[in-house]
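Computed from the coordinates by the stated procedures, all read-outs in this text should not be read as laboratory data. Small disclaimer: the values here were computed from a predicted structure and weren't measured. Here Cβ is always computed from backbone atoms with ideal geometry, including for glycine, and neighbour counts include all displayed protein chains.
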Amino acid sequence: MLVASLVTAAPIDATPGRQYKLTKEHGPWMIMVASIHEPPAQRKHEGMSPQEAADKLVYELRKKGIPAYTYQVDEVSKDADAVNRLGRQVKSSYRAQRSGIGVIAGNYRSPDERVAKQTLDFIKDFVPTSWKNDAGFKPTKGQPNPLSGAFFTLNPLLTPEEIARAKSDPLLVKINNGEYSIMDNKGKYTLVVATFTGKSQTAVGESKFKKLTESFKLTNSLGDAAESAWMTAKMLREGQVRGRNEGKKYDAFIFHDRYSSYVTVGSFDSSKDPRIEQYAQLFGAKYSTAADGKQVMIGESLQIPGRVMPLVFDPKPKLIEVPKLK
């Protein structure tokens, strides 16, 4: 009965071997099912590649009546300060995000929809048949099933203002009514330079955004993301960015949705403002040659006092229309 309830009025196409790519038209709310990466060299075998495994998972979900899609997750590296064995300060590079294939499912107006919740529960318990006999898949500690870590998210291809237009949510006005708010940006356009989901950063001490999650009954992830975004915007406004353009102050703003926080810079009346390209090059990732000779993207980063790991800016800053929340 549960599987039957997941089937929409229109048939879901499920063709073996076909790839179903994520687009901006899907969502806006979806379920993050899995992120599949190439295993380390010592664990490689003759099983499926990440793309093959993702395509088979999408096919199985579609056979159950669940619209599922794949999208590319690019690898991003970033620099960090380190100390060598002689006690000298050196620069090191590490992988901030592994490349792979993401599997995402569903098309919902809100994560509170009955079908959305039922589908998430179903996916958490679902064991893909195509994965059972593949020795390359290892269980995640603390998760009884391969997809137990599935969670609600927004379509990762959507920009903040597209998300704001996609749904009418009075809560957005409440949670964006704070310091450095995007609602204070008087321009028509702004540039998104950093995105925080709350899963890669942990706030230090008593978070000033604790009430954000308690008062509005939101996830703790949003509190962590909001904290990281606020710190980043504060340092940009106060000129605390080290390296190139050290001491330069930027007009930085914050936009929160239910599960993420974004930092933008600039207030532009025209999409052809020359400062846009300057900022995009400044904050965007740069290509560099790794030790093995491969070209990798090195993300620009910002060291926050009191945190071990630096915050990383988005590899490709996006120009957006300033969200109109009121």
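Miscellaneous remarks
- Computed label-point distance, nm, for sites Ser271 and Ser49 using a 7 Å Cα→Cβ extension: 3.5 nm
- Inter-label distance, Gln281 to Asp125: 5.6 nm, where each label sits 7 Å from its Cα along the C-beta direction.
- Lys117-Asn145 FRET efficiency (beta carbon distance; Förster radius 22 Å; 0.05 resolution): 0.80
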